[in-house]
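Everything below concerns the one structure shown next.
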Amino acid sequence: EGTSSVGAGVWGGARMTSDARLSTSYCLDSTTNTSVVDAYDFVGWLPTSEVIEDLVDDYPDAKVILLESVVTEWFDTIQTFASKAAALGDACGCASGATRSTSSECGDATYHYCDVYPCVWRRAFGSETPDADEWKLNYIERVREIKLAVPQNRLLVIPMTAASVGHATAVRTAKAIADFLDISDDSTAFAEAYPFIQRDLVGSALGAYARA
């Protein structure tokens, strides 16, 4: 369901799909229905990080890659996403008392953007509008909770930075991921072919996943 595309030059090669069902269940149901991600090999972005415990319990073979950023760099990035989400929320009529837009960018027959916005942001960070102190503290605490909740043999923590990284670092990171996920018979060759670099997390590279 949702839209899908194959991104050229994406990390490792993958199909990217937009699917709002996990977000909708997270916001509207008393218990998040994790079965909606059954068809996917990988899920990311909000609210995945907020339901990690449920996903780990419901999918005993699943593994978690935690991309841990320096909190100040994370906040700089998340503000941009929050601004875009707020702009779409305004356009879709998500403000209290506003009329919901029927535009296709605001949803389809299965959901409306206002079903998930600003709910996801409020639940994840405490507010829909970025608050530096509150959001940073919530990020730090959530990272700590995930590290405690996920069994160590099912968790790989990848330190992230906004700074440029060299080829050797990108290859080492790719090899660590390939070994962790057992996605290649030759993880060294795989890593050389698909070095994991920061730009792969912006736009369509490691963003080539099921965005739930």
How long are the semi-axes of the ellipsoid equivalent to region 38-101, from square roots of 5 times the Cα gyration tensor eigenvalues, in whole Å, largest first? 29, 19, 9
Starting from the Cα coordinates of region 91-175, work out the convex hull volume and express it per residue in Å³. 192 Å³
Per the Kirkwood treatment, what hydrodynamic radius in Å, one decimal, follows for region 5-155 from the mean inverse distance over all distinct Cα pairs? 16.9 Å
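None of the figures in this text is laboratory data; all of them are computed from the coordinates on show. Remember, predicted model here, so these are calculated numbers, not experimental data.
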